[in-house]
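*Asks:* Sending over a structure as structure tokens; questions will come in a sec.
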Amino acid sequence: MSKSTFSSEYAVFRETIKDVRLRANLTQTDLATRLGRPQSYVSKFEAGERRLDFVETMAICNAIGLSLEDFVSELMLRLRQKQKGRSTQSRQGAGK
């Protein structure tokens, strides 16, 4: 697996963080306030300009009101769906 901030897996991680924030009806500013950080902190990790560590991810889930377990479950589901999509595309490409 690539260590790049811009790996496809990390992109799914960032997308999931943003989606759970939006589902909680929180703006970037709302989440930043709950975290005691500037809005730019949220903007930068959602855009991939700043990488999150595990402890920061836990704090974000807590601030959103989502258990870490629920976040990880959603993330894993999305990653499996993405992997299935790649497998389907590979098989379709092999048949050409």
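*Asks:* If you plug each phi of region 34-40 into the Karplus form 6.51 cos²θ - 1.76 cosθ + 1.60 with θ = phi - 60°, what whole-Hz ³J(HN,Hα) values come out, in order, with x for Gly and Pro?
*Replies:* So the Karplus estimates, Gly and Pro as x, are 4, 8, x, 10, x, 4, 4 Hz.
*Asks:* Still on this model: With a 1.4 Å probe and every protein chain left in place, work out the accessible area per residue of region 1-54 in Å², rounded to a whole number.
*Replies:* Each residue of region 1-54 exposes 61 Å² on average to a 1.4 Å probe.
*Asks:* Expected output is a single nm value to one decimal: the length gained when fully extending between S43 and A24, i.e. 0.36 nm times separation in residues minus the C-alpha distance. What is it?
*Replies:* Details: separation 19, 0.36 × 19 = 6.84 nm, distance 1.65 nm.
Working it through step by step, the gained length comes to 5.2 nm.
*Asks:* Mind giving me the nanometre distance, one decimal, between the label points for F54 and L68, set 7 Å out from Cα along Cα→Cβ?
*Replies:* In this crude spin-label approximation the distance works out to 0.7 nm.
The values are calculated or read from the model by the stated rules, or taken from the named source; none is laboratory data. All of these numbers come straight from a predicted model, not from anything done at the bench. Cβ coordinates were reconstructed from backbone atoms using ideal geometry, including for glycine residues, and neighbour counts include every protein chain displayed. For accessibility, only protein heavy atoms count, side chains too; no ligands or nucleic acids. Shrake-Rupley method; radii C 1.70, N 1.55, O 1.52, S 1.80 Å.
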